[in-house]
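Enquirer: Can you keep this structure in mind? I'll have questions shortly.
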Amino acid sequence: MKKSILASVLALTFGSQAFASNYALLSETRDQIQYPEYTQQEKLTVVNQAKQLLEGLYVHRYAKDLYYGISPTGHVNPVDAINDVIAELDSLNSKQLNERLTKIFKAQRDLHLVYVHPTPVRNFASILPFEFDKTVDVLGNPEVRVSNLLENLIPYVGGVRLPEVGDKVVSYNGVSIYDVVEQNLNTGFGANPDAGFLRALGAITYKGHAISLVPEENEVTIEFVSHATGETYTTVVPWVARLPRTAAASNGSDTALADSTSDSTNLEAQMFAEIRAELDEDNASPFTTTPTADSEISWAIREVDGQSVGYIQLDSFSPNRTKEDSVWIVSSLMQNELANTDALVFDVRNNPGGNIIYADELVQLFTAKQTSPTELRFINSDINHHLMNDTIFSTLGENWVNILADVAGTNAQYTATETYVSKAQNNAFGQSYYKPVGVWSNAKTYSSGDVFTCAVQDNGAAKVYGENLRTGAGGANVLRHSVFARYAGAPKFEFLPYNQEMTVSWRQMVRHGHNKNALIEDFGCVSNQVVPRTLSSILDNDVGNFDTIARDLLSQPLSASTVNFLQPRVVELAETQGVFSIEVTNTEHVDVYVNDVKVERINVFAYGPTAKLVEFSLPENVNGQGNVQFVGLDAGKTQLWNGKRYFF
């Protein structure tokens, strides 16, 4: 929700002192953003490690050549390009080397494949005090408008005229904004046309120098049209530099191997989110939300046409608690605070990703059927065979070792697919919500955000509403070079100089169910219904678009079959005396599972709207702690609903 005028005034009055040591004009800072001079050995280390990632670990390198084709000014084959750098290495200084490697990595248009600059460069960023977004006009034609002002940066740019939220962008440094987008597709490295457009807009207003090169000029000239008056005006805005933090950014090398290898995150979006939080920027929900014990999860209830619609905002899939705790938090919201709502919307717009297993596991909470987890595969390469046979990476699971062994010595480009968890493990919590559910996404929904969005489609669990036709298309498990260096080590992997880092798309996601064998990378998840941003939705903070989604969900027919659990989700066994009770309607049979083993089918024959009481007594040999699950079936044995109760 946009800050109030009072909050904005207070931020400008008191905030500038707090941020004074963190920001300055780029013109005053440029001479500090210098690359260290590498020795010849350091240059060799960097390029050889980059080549190893691009040639032997980068799982999308075949697919990218097919999707984009090869172009001198666009996508380049990464292995050919890195070989050219190696051939010219003696003639390249440190700045030239970093620029060449940056362009090779970005030309793949894969936000999981990132070349991170050395210190001190990596600790700076350049920012303009506003953000742009793609909208459509009344005829559906694309526009670019100002979507947000970073108000705490305004004091740094002096008395220049700044746009208002909603103003249309016409040109940037004298070039049509649409041509500028085309010119910055690689700079923004968004994967598909939708993501490419939005990421290019982001690249001309924010440049984190851990990943992006420093702007060539200290200011930009932008032509706008006022949304309020129709006036065309031009303004010259200086870049503001984010100065290094007191402590250098962590490379995450202290993360456990198993956690490191289940991550799927957009690194640059994470860094920009940190800056937004530092600038006291809110999380852009349509209305005020209530926080939870996980700061990445908040919720609200909105009345739409006399009915209540729940709202859960997932800012990322990187919970600040354990992923199990965060699944419980969402499940608890569904069964308590949001239990009496008539529909529910998950907002994953701009979600940069996080833990793949967590994203998969959430889907079970709002579907009657057993959900399948995301499938992934390796590129068939010597370095992957080394990792999974000769290093600690072999402990990640016999299933991963086996699929590589199956293609050893063959010409197969990829292995077969495998999953992080079994189908049973992916459904450990059971269903928690029984009304229509929608997922609200956009082309900045990325990585594990893609996983969640695609999983609801692949499992037939919910309808996807997109601000854009496709999500951001981040279809891989991402791994940091420092993880390989730490856990696999020499002679294959060496730590990089000057706190450098690289990340690589290591295992490729392959969809299943309704979209079997489709890739997420480049293609993303296609929205079931597009609800685009417009001038009106920017000005009302997307409340109108939320209401459009809510009305569509509320128009969906409800299941005639219902269930009401008479015990809480977690209960002391002594309180139940071993008996669990449910009330059901329009249900033929109820299958009962104790500790995930089917023990009984109860023929309920509950017809009509009047609820029928069903009671189940635990077997006498069951004690201690465990769970009991009820699964409702129709006459054709199709699952209608399910739910688990835990006892201790």
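Enquirer: If you add up the charges near Q639, with Lys and Arg at +1 and Asp and Glu at -1, over every other residue whose beta carbon is less than 10 angstrom from its beta carbon, what do you get?
Expert: After counting each charged neighbour, the total is 0.
Enquirer: If all Cα-Cα distances of the range 430-552 are sorted into 5 Å bins from 0 onward, what percent lands in each bin, rounded to whole numbers?
Expert: Taking all Cα pairs of the range 430-552, the binned fractions are 2, 10, 16, 16, 13, 12, 10, 8, 6, 4, 2, 0 percent.
Enquirer: Next question. Which entries in K106/K323; K423/K463; K369/K612; K64/K423; K444/K516 show an alpha-carbon gap greater than 28 Å?
Expert: Violating the 28 Å limit, Cα to Cα: K106/K323; K64/K423.
Enquirer: Still on this structure, I have one more. Only bridges whose two residues both fall in the chain count here: according to DSSP, what percent of them are antiparallel, nearest 5?
Expert: So the antiparallel bridges in the chain amount to around 85 percent.
Enquirer: Another question about this same structure. Let me make sure I get this right: for the range 18-141, a, b and c are the square roots of the gyration tensor eigenvalues over alpha carbons, sorted descending. Under 1.5 in a/c it's rounded, otherwise prolate if a/b > b/c, else oblate. Which is it?
Expert: It comes out oblate by the Cα gyration axes.
Enquirer: Calculate the spin-label point distance for S559 paired with E164, positioning each point 7 Å from the Cα along the beta-carbon direction, and give it in nanometres.
Expert: Simple spin-label model gives 4.9 nm for this pair.
Enquirer: Taking the chain as the reference, fit the longest principal axis to its C-alpha atoms, fit the long axis of helix 5-19 to the helix C-alpha atoms, and give the angle between the two in degrees, 0 to 90, nearest 10.
Expert: So the inclination is approximately 60 degrees.
Enquirer: Further question on the same structure: In debye, nearest 20, what is the charge dipole magnitude of the range 519-648 about its Cα centre with +1 on Lys and Arg Cβ and -1 on Asp and Glu Cβ, if you could check?
Expert: Using only the charged Cβ atoms, the result is roughly 220 debye.
Enquirer: Positive end of the dipole of the range 416-527, charges at C-beta (+1 Lys, Arg; -1 Asp, Glu), about the Cα centre: which of V451, A416, F429 has its Cα farthest in that direction?
Expert: The one lying farthest along the dipole's positive direction is F429.
Enquirer: Hey, another quick one. May I ask you to evaluate 6.51 cos²θ - 1.76 cosθ + 1.60, the Karplus curve with θ = phi - 60°, for each residue of the range 581-587 and list the ³J(HN,Hα) values in order in whole Hz, giving x for glycine and proline?
Expert: 3J(HN,Hα) across the range 581-587, in whole Hz: 10, 9, 10, 10, 10, 6, 9.
Enquirer: Is there a quick way to get the dipole size of the range 440-577? I mean about its Cα centre, with the Cβ of Lys and Arg at +1 and of Asp and Glu at -1; what is the value in debye to the nearest 20?
Expert: 400
Enquirer: Looking only at the range 346-385, which residues have a backbone nitrogen under 11 Å from a spot 7 Å from the Cα of V79 in the C-beta direction?
Expert: What the label zone holds, given the 11 Å backbone N cut-off, is 380-382.
Enquirer: Here's something else I'd like to know. Once the piece of chain linking T290 and S536 is laid out straight, how much longer is it, given 0.36 nm per residue of separation minus the C-alpha distance between them?
Expert: Roughly 86.0 nm would be gained on extension.
Enquirer: Using modelled backbone amide H atoms (1.01 Å from N, in-plane), which distant-in-sequence or interchain residues come within less than 5 Å of N173's amide H?
Expert: Close amide H contacts, sequence-distant or interchain: T221, I222, E223.
Enquirer: Looking at Q577, Q567, G544, which one has the Cα that reaches farthest to the positive end of the dipole of the range 540-590 (charges on Cβ: Lys, Arg +1; Asp, Glu -1)?
Expert: Q577
Enquirer: Could you look at the chain and say what percent of its accessible area is carbon and sulfur, using a 1.4 Å probe and all protein chains?
Expert: Percent of accessible area from carbon and sulfur atoms in the chain: 50.
Enquirer: Still on this structure, I have one more. How much length would be gained if the chain were fully extended between Q307 and V136, taking 0.36 nm per residue of separation minus their Cα-Cα distance, in nm to one decimal?
Expert: Answer, rounded to one decimal: 58.6 nm.
Enquirer: List the extent of the Cα atoms of the range 379-446 along each of their three principal axes, largest first, rounded to whole Å.
Expert: Ordered largest first, the range 379-446 gives principal extents of 51, 30, 20 Å.
Enquirer: Here's a follow-up. Given Cα pairs under 8 Å that are at least 6 residues apart, what percent is the relative contact order of the range 355-503?
Expert: Here the relative contact order equals 27 percent.
Enquirer: Next question. Less than 19 Å from a label point 7 Å out along the Cα-to-Cβ axis of D65: which backbone N atoms in the range 478-506 qualify, by residue?
Expert: 505-506
Enquirer: In terms of the ratio Rg/(2.2 N^0.38 Å) built on C-alpha atoms, what value belongs to the range 413-492?
Expert: 1.46
Enquirer: With the cut-off at 1.5 for a/c, could you classify the range 114-192 from its C-alpha gyration tensor as rounded, prolate or oblate?
Expert: Judged from the Cα gyration tensor, the range 114-192 comes out oblate (a/c at least 1.5, b/c at or above a/b).
Enquirer: Further, regarding this structure: Given Cβ point charges of +1 (Lys, Arg) and -1 (Asp, Glu) and nothing else, what value in debye, to the nearest 20, does the dipole of the chain about its Cα centre take?
Expert: 520
Enquirer: Would you pull out the residues with amide H under 5 Å of Y414's amide H, same chain only if 5 or more places away, H placed 1.01 Å from N?
Expert: N380
Enquirer: Out of residues 5 or more away from D347 or on other chains, whose amide H comes under 5 Å of its own, with H placed 1.01 Å from N in the peptide plane?
Expert: Distant-sequence amide H within range of D347: I312, Q313, L314, W440.
Enquirer: Can you tell me, using C-alpha contacts under 8 Å and at least 6 residues apart, the relative contact order of the chain as a whole percent?
Expert: Answer for the chain is 14 percent.
Enquirer: From the backbone phi of the range 151-159, what are the Karplus-calculated ³J(HN,Hα) couplings (6.51 cos²θ - 1.76 cosθ + 1.60, θ = phi - 60°) in whole Hz, Gly and Pro given as x?
Expert: Values per residue, Gly and Pro as x: 5, 6, 8, 4, x, 7, 9, x, x Hz.
Enquirer: Here's something else I'd like to know. Any idea which of G475, P36, S308 is furthest toward the positive side of the dipole for the chain, if Lys and Arg beta-carbons carry +1 and Asp and Glu beta-carbons -1?
Expert: Sorting the options by dipole projection puts first G475.
Enquirer: Quick check for you: which residues of the range 417-441 have the amide N under 16 Å from the point 7 Å beyond the Cα of A518 toward its beta carbon?
Expert: 439, 441
Enquirer: If r is the Cβ-Cβ distance from E600 to R245 and R0 is 56 Å, what FRET efficiency results, to the nearest 0.05?
Expert: 0.40
Enquirer: How do D137, D596 rank by accessible surface area computed with a 1.4 Å probe, from largest to smallest?
Expert: D596, D137
Enquirer: Another one. Return one quarter of the surface area of the convex hull spanned by the alpha-carbon atoms of the chain, equal to its mean projected area, in nm².
Expert: Computed as one quarter of the Cα hull surface, the answer is 31.4 nm².
Enquirer: Right, here's the next one. Between 0 and 90 degrees, rounded to the nearest ten: what's the tilt of helix 448-458 against the longest Cα principal axis of the chain?
Expert: 40
Enquirer: Taking 7 Å along the Cα-to-C-beta vector as the label spot, tell me the V220-E620 distance in nanometres, rounded to one decimal.
Expert: Here the modelled spin labels are 7.6 nm apart.
Enquirer: Multiply the residue gap between T395 and A424 by 0.36 nm, knock off their C-alpha separation, and tell me the result in nm, one decimal place.
Expert: 8.3 nm
Enquirer: Can you tell me how the range 59-205 classifies by the Cα gyration tensor, rounded, prolate or oblate, using a/c under 1.5 as the rounded cut?
Expert: Taking the square roots of the gyration eigenvalues as a ≥ b ≥ c, the range 59-205 is oblate.
Enquirer: Based on DSSP H runs of at least 4 residues, each adding -39500 (n - 2.57), what is the mean residue ellipticity at 222 nm of the chain after dividing by all its residues, to the nearest 500 deg cm²/dmol?
Expert: Per the formula, -8000 deg cm²/dmol.
Enquirer: Quick one: compute the contact order of the range 24-138, relative version, from alpha carbon pairs under 8 angstrom and 6+ residues apart, as a percent.
Expert: About 33 percent, as a whole number.
Enquirer: For an R0 of 35 angstrom, estimate the FRET efficiency from the Cβ-Cβ distance between A24 and I86 and round to the nearest 0.05.
Expert: It comes to 0.40.
Enquirer: Can you tell me the orientation of helix 398-407 relative to the chain, as the angle in degrees between its alpha-carbon axis and the longest Cα principal axis, to the nearest 10?
Expert: 60
Enquirer: Determine ³J(HN,Hα), in whole Hz, for all residues of the range 227-232 in sequence, where each value follows from phi through the Karplus function 6.51 cos²θ - 1.76 cosθ + 1.60 and θ = phi - 60°; x replaces Gly and Pro.
Expert: Karplus values, whole Hz, x for Gly and Pro: 6, 8, 10, x, 5, 8.
The values are calculated or read from the model by the stated rules, or taken from the named source; none is laboratory data. Note that the structure is predicted; figures quoted are calculated from it, not measured. Glycine gets a Cβ as well: all are built from the backbone with ideal geometry, and neighbour counts include every protein chain shown. SASA here: full protein model, heavy atoms, side chains in, ligands and nucleic acids out. Shrake-Rupley method; radii C 1.70, N 1.55, O 1.52, S 1.80 Å.
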